[in-house]
Amino acid sequence: MRALRYFFAEAFASLWRGRGAALLSILTIAAGLFVLGFFLMVNTNVQRLVGRWGQAAELSVYMREEATPEQTAAVRETLNRSGLATSIQFLSKDDAKTEFSRDFPDLAGAAANLQRNPFPASFEVRLASDAGGAAAAIDALAGSLSELPGVADVRYDRRWLARLNAMIGIVRGMGLVIVLMLALASALTVANVVRLAAAARRDEIEIMQLVGAPFAY
């Protein structure tokens, strides 16, 4: 017990003598652990959010104002034949205006005062949750829909999700580089602190070795 008390007393005294270097090493290690934890937390939450958006991705097909009922039926038939959609909802121009007023109540009055309805009719298509693995098939479907008569535009949510994933990958790589640099800085700082402590007590270590203290001691 006396030896253990002596070891702790000497360790505390040594830390106090080199408190500047010890504080620097502690702060460096703490900064590295904080950045690592923050990076892992943000990465996990962003991946979960992107995955949730991917499951709720939709394909929107906007019709031209002069589209005929036959052209609208052809778009619906193409969507039904694709086998990629779990639900297909057609929104007329009036439905689109009503939905806009519900989503943006502050602008509902302005939309109601318009002389003509500027909102296009559209198909809102909910894709299957496993459709992300059939990206080529979805791209082909979007291309075929955009070529149909009466179709003004086709918007696919997973396209910008793919770009978002690419940006997340870049940020993840930068974060990994920063974490590795902090880990290297922490290791070098600790090594230098230990070396300085050994150099400061070099005479004491040599005397103890002369009186028979082993190197491990």
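The values are calculated or read from the model by the stated rules, or taken from the named source; none is laboratory data. Keep in mind that this is a model prediction, so the values were computed, not measured. Don't worry about glycine lacking a Cβ; one is built from the backbone with ideal geometry, like all the others, and counts go over all protein chains shown.
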ASN113 vs (1) under 33 Å from the mean Cα position of the chain (by Cα); (2) modelled with pLDDT under 85: all pass except (1)
Only residues in the range 50-69 that are closer than 19 Å to ARG116 by Cα count as the first member; pair them with residues that are at pLDDT 80 or above and acidic (Asp, Glu), Cβ under 8 angstrom, at least 6 apart or cross-chain, and list the lot.
-> TYR62/ASP153
For the range 162-177, how many residues meet the condition of being of a type in the set (Lys, Arg) and more than 14 Å from VAL42 (Cβ to Cβ)?
-> 1
Taking the range 122-138 as the search range and keeping residues that are out of contact with any strand residue (DSSP E or B) (no Cβ under 8 Å at 6 or more places or on another chain) and part of a helix (DSSP H, G or I), which one is modelled with the highest pLDDT?
-> ALA137
Selection over the range 71-92 where residues are touching a helix residue (DSSP H, G or I) at 6+ places or on another chain (Cβ under 9 Å) and assigned to a helix (DSSP H, G or I) yields a count of 4
PHE215 is checked against (1) at pLDDT below 75; (2) surrounded by 11 or more Cβ atoms within 10 Å (Cβ to Cβ); (3) more than 30 Å from PHE34 (Cβ to Cβ) and fails just one. What number does that condition carry?
-> (2)
Any idea which residue in the range 93-121 is nearest to GLU66 (Cα to Cα), counting only those that are in contact with a strand residue (DSSP E or B) (Cβ under 8 Å, 6 or more places away or on another chain) and in a helix (DSSP H, G or I)?
-> ALA96
Filter pass, ALA56 being at pLDDT 85 or above and of a type in the set (Gly, Ala, Ser) = no
